[in-house]
1. Give me the number: length gained by fully extending Ala60 to Arg17, i.e. 0.36 nm times residue separation minus the C-alpha to C-alpha distance, one decimal in nm.
2. Under 5 Å between amide H atoms, partner at least 5 residues away or on a different chain: which partners does Val45 have, H built in plane at 1.01 Å?
3. What does the extension gain come out to for Asp9 and Arg46, with contour length at 0.36 nm per residue minus their alpha carbon separation?
4. Check which residues have an amide H placed less than 5 Å from Leu11's amide H, if you skip close sequence neighbours.
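FYI, it's all coordinate maths here, none of it is from the lab. Just so it is clear, the structure is predicted and the values come from calculations on it, not from any experiment.
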Amino acid sequence: MLPTLADGDRLLVRWGRPPEPGRLAVVRLPDGDDGPRPVAVKRVVRREPEGWWVERDNPAQGVDSWQVGALPDDAVLAAVVCRLWPRPGRALPDPRG
C-alpha cells in the first residue's frame, strides 16, 4: 500500500471541523518517549466510545490507533479538505479501497 501523501504536499484543512470516517484529518498524537505530542495527518476510520480511531495509510511508517488507542475529540484538530500542491484534487481517496 502506498502512502496517500508525500513530503512537501500542501493541504487545505478546516480547523475545528469534525472528521468524517474514511477521510483524512489533522490530529495531535499522545506524548511519546521522544518528546511532546506531535501533529500528524491520519485517516479517520471510525468513532468509538473512547474517541476517534485513526490509522496510517502506509503501515510501514508512523504511529496510529493500533499503537496509542482511540484519540479523544480534542485531539482531532482539523479535517483535510483537499490537496492543493503538487497534485490537486477535491478529495483524497482511501488507498485501502
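1. Gain in length upon complete extension: 12.6 nm.
2. Gly22, Trp53, Val54, Glu55
3. 10.8 nm
4. Distant-sequence amide H within range of Leu11: Leu84.
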